[in-house]
Amino acid sequence: MSALDSIGVTPAALIAILAATLVTYLCRIGGYWAMGFVTPSPRIERALAALPGSIVAAIVLPAIAQTGLVAAIAIVIALAIKLVARNDMLALCAGVATAIALRAMGVS
């Protein structure tokens, strides 16, 4: 019995996974390589600078909508800690601890 059989992966599935991984990697590095030949306009630079914020909003707002008050409070606490302490890990821990504490108190 091979190692693949013990985890239930066929050789064809493993080849497909590795091929998908390679294609994904090549697409990512290809984008960086191609952008090396482009001088972005100020408008494109502003759009790229705003992108992380919009990605965070796209993740955070549905979480608040689905989870409700607990998520909203935890995110506000995490954001406040991030702005005051300028420490991502501390903000993350504070947000998670807030959510845990609120859930333990029965807030929904």
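The values are calculated or read from the model by the stated rules, or taken from the named source; none is laboratory data. Quantities reported herein were computed from a predicted structural model and do not represent experimental measurements. We place every Cβ from the backbone using ideal geometry, glycine too, and count neighbours over all the protein chains shown. Just so you know, the surface numbers come from the protein's heavy atoms only, side chains and all, with ligands and any DNA or RNA stripped out. Shrake-Rupley method; radii C 1.70, N 1.55, O 1.52, S 1.80 Å.
Observations
- Condition check for residue 40: in contact with a Leu (Cβ under 8 Å, 6 or more places away or on another chain), free of Cβ contacts under 8 Å to residues at least 12 places away in the same chain and open to solvent by less than 60 Å² (accessible area, probe 1.4 Å): yes
- Within the range 83-108, tally of residues that are within 14 Å of residue 56 (Cβ to Cβ) and open to solvent by 50 Å² or more (accessible area, probe 1.4 Å): 3
- Qualifying residue in the range 51-64 (condition: over 29 Å from residue 101 (Cα atoms), open to solvent by less than 60 Å² (accessible area, probe 1.4 Å), without any contact (Cβ under 8 Å) to a residue 40 or more places away in the chain and in a helix (DSSP H, G or I)): no
- Qualifying position, being closer than 30 Å to residue 105 by Cα and open to solvent by less than 70 Å² (accessible area, probe 1.4 Å), among 19, 80: 80
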